[in-house]
Amino acid sequence: MTDALPDAVSARRPRGFSWRRWRNRKIASPGFQSWASHFPLTRGHARREGERLFDLVSGFVHSQVLYAVIELDLLEATCDAPQSVARLALRSGIAPDRMEALCQAAVALGLFERVGGGYQLAALGAALMGVPGLVDMIRHHDVFYRDMEDPVAVLKGEKETELARFWPYVFGAGAVEHPEVAERYSGLMAESQALVAEETLRTISFAGVARLLDVGGGTGAFLAAVGRANPALQMVLFDLPAVVPAAETRFHEAGMAGRARVVAGDFHDDPLPSGADAISLVRVCFDHSDDAVAALMAKAFAALPPGGRLIVSEPMAGGARPDRPGDAYFAFYCMAMQTGKARSQARLAEMMKEAGFQGIETPRTRRPFVTSVVTGCKPGAT
Ligand SMILES: CC(C)=CCC/C(C)=C/CC/C(C)=C/C=C/C(C)=C/C=C/C=C(C)/C=C/C=C(C)/C=C/C=C(C)/C=C/CC(C)(C)O
Ligand SMILES: C[S@@+](CC[C@H](N)C(=O)[O-])C[C@H]1O[C@@H](n2cnc3c(N)ncnc32)[C@H](O)[C@@H]1O
């Protein structure tokens, strides 16, 4: 695997002088810490490292403060004018001293500011309101949070996680028999799709694509966005039978029914619709095992004509440069879901190559915490 450390590095035992060992042992000593936090040349750095460590230690409380602000609907309540603690306390059914504690915490986290004698939403809190789907994403974190209560059990694969039940489709078409269940997860997916589509469209061009097949296209939010930006584009959406009626409705309402076809099926068992010169997999691969993704990419390769293009867009891990969104959030999210994993651009590029694709590109998106992109072409175009 591209991202794995070579065995020689991971198994190396300290021999002779190791600068890192010396540094780590020094910093791990309380005596050195006490000296460094006092000495004029080191105390600034020591304080910043202490703050960084404290943030890491207390991060879960920060997330829960954010959760409480949203659960109590305080974003909207404080958006337009400062509100007194007494007023916020009354509308939330929370004692004033506790409400004050929450508001103070929200100020400390940059969500609120103190204005006059009360509290008002700060720019960061306002930004949160403008991210489509984010409030609902945070709301559904209660499920993820309960899973992460025992991260070691999640890592060992011993825990029956709630997220695996929340997104039932990952267990195959059979699990999505009930339209109301499909509606619950599809709504959250569709809302959060707006930014993913925006970022993908800013990163790659669909000029020259005549027909785009979006596999695992959900309720059609991605295709609708690509279709709006490319008015001549023909579109095909492929997803599980319980999901596709919502896509049909969306295309109809968007006036796209004439150029968007919806096909119900299971990509594990059914062939992909043919006739598209590009196939997109948007937030699909990270739900599935390596074997399932390899098989899906092979199916996509078979369904494309020579010169046809495969586009993968989803939040990715950092690979050789691990990052917080990909490696500390999505990797654990996928682990709790139990069926898939967050992969790096390099790993997905490697898998595409194994499926036969060439000319693989890994463009940088401006907001990798929203999505990253990998594309490849089926060889043989004239
Ligand atoms: C107007 C004046 C006076 C000044 C302007 C100053 C200025 C330019 C301010 C900037 C304000 C601004 C426009 C900020 C914009 C901020 C944005 C767009 C922030 C976006 C943040 C997005 C976030 C945090 C996204 C988080 C997404 C998450 C957590 C997604 C989770 C997705 C999951 C779990 C999906 C799971 C899928 C599954 C189940 C694995 O298949
Ligand atoms: C994370 S959602 C992404 C939906 C959409 N592409 C988006 O980004 O909003 C994954 C999608 O893959 C679909 N899916 C999962 N397993 C599938 C399968 N075996 N065959 C077809 N679609 C499947 C799900 O129904 C769901 O709509």
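The values are calculated or read from the model by the stated rules, or taken from the named source; none is laboratory data. Just so it is clear, the model here is predicted, and its values are computed rather than measured. Because the Cβ atoms are built from the backbone with ideal geometry, glycine has one as well, and the counts that use them run over all protein chains shown. Each accessible area value is taken on the protein alone, full model and side chains, heavy atoms only, with ligands, DNA and RNA left out. Shrake-Rupley method; radii C 1.70, N 1.55, O 1.52, S 1.80 Å.
Against the longest principal axis of the chain, how steep is helix 43-71, in degrees 0 to 90 to the nearest 10, with axes from Cα atoms? Helix 43-71 and the main axis of the chain meet at about 60 degrees. Taken per residue, the accessible surface of region 27-130 reaches 63 Å², heavy atoms only and a 1.4 Å probe.
Heavy atoms only, probe 1.4 angstrom, no DNA, RNA or ligands counted: give me His45, His38, His288, His62 ranked by accessible area, highest first. Kindly include the intermediate steps, with their values, before the conclusion.
Numbers: His45 110, His38 140, His288 25, His62 60 Å².
From most accessible down to least: His38, His45, His62, His288.
The fraction of accessible area contributed by carbon and sulfur in the chain is 56 percent, rounded to a whole number (1.4 Å probe; ligands and nucleic acids excluded). Each label point was placed 7 Å from the Cα along the Cα-to-Cβ direction; for Glu71 and Val57 their separation is 2.5 nm. Across every direction, the projection of the convex hull enclosing the Cα atoms of region 163-377 has a mean area of 10.5 nm². Solvent-accessible area of Ser92, all protein chains in place: 30 Å² (probe radius 1.4 Å, heavy atoms, ligands and nucleic acids excluded).
Relative to the compact-globule scaling 2.2 N^0.38 Å, provide the ratio for the alpha-carbon radius of gyration of region 27-130.
On the way: Rg = 17.7 Å, N = 104, 2.2 N^0.38 = 12.8 Å.
Dividing the Cα Rg of region 27-130 by 2.2 N^0.38 Å gives 1.38.
What are the lysines whose alpha-carbon lies under 17 Å from the alpha-carbon of Lys378, with same-chain residues fewer than 8 places away excluded? Cross-link targets: Lys299, Lys353. Between the exposed loop cleavage positions of the chain, defined as trypsin sites (Lys or Arg not before Pro) in a non-H, G, I, E, B DSSP state with at most 14 neighbouring beta-carbon atoms within 10 angstrom, the longest gap is 16-363.
Ranked from largest to smallest solvent-accessible area, with a 1.4 Å probe on the protein heavy atoms, Glu199, Glu160 come out as Glu160, Glu199.
A 1.4 Å probe over all protein chains sorts Asp150, Asp291 by accessible area into Asp291, Asp150, starting with the largest.
Can you give the helix-only mean residue ellipticity at 222 nm for the chain, where every DSSP H stretch with n ≥ 4 adds -39500 (n - 2.57) and the sum goes over all residues, rounded to the nearest 500 deg cm²/dmol?
That calculation yields -14000 deg cm²/dmol at 222 nm.
Computed with every protein chain present, the accessible area of Tyr145 is close to 90 Å² [probe 1.4 Å]. For the chain, the relative contact order works out to 13 percent when only alpha carbon pairs closer than 8 Å and six or more residues apart are counted.
Take the Cα of Ala229, go 7 Å toward its beta carbon, and the backbone nitrogen atoms of region 122-149 under 19 Å from that spot belong to 131-133. Against the main long axis of the alpha-carbon atoms of the chain, helix 96-108 sits at an angle near 70°.
Structural size metrics of region 269-382, computed from C-alpha coordinates, are Rg and Dmax of 13.9, 45 Å.
Between Pro305, Pro96, Pro273, the residue with the greatest mean-square fluctuation in the GNM of the chain (Cα pairs under 10 Å linked by springs) is Pro96.
Averaged per residue, what accessible surface does region 194-260 expose to a 1.4 Å probe, in Å²?
Working: 2580 Å² over 67 residues.
On a per-residue basis, 38 Å².
Computed with a 1.4 Å probe over protein heavy atoms only, the accessible area of Asp136 comes to about 60 Å².
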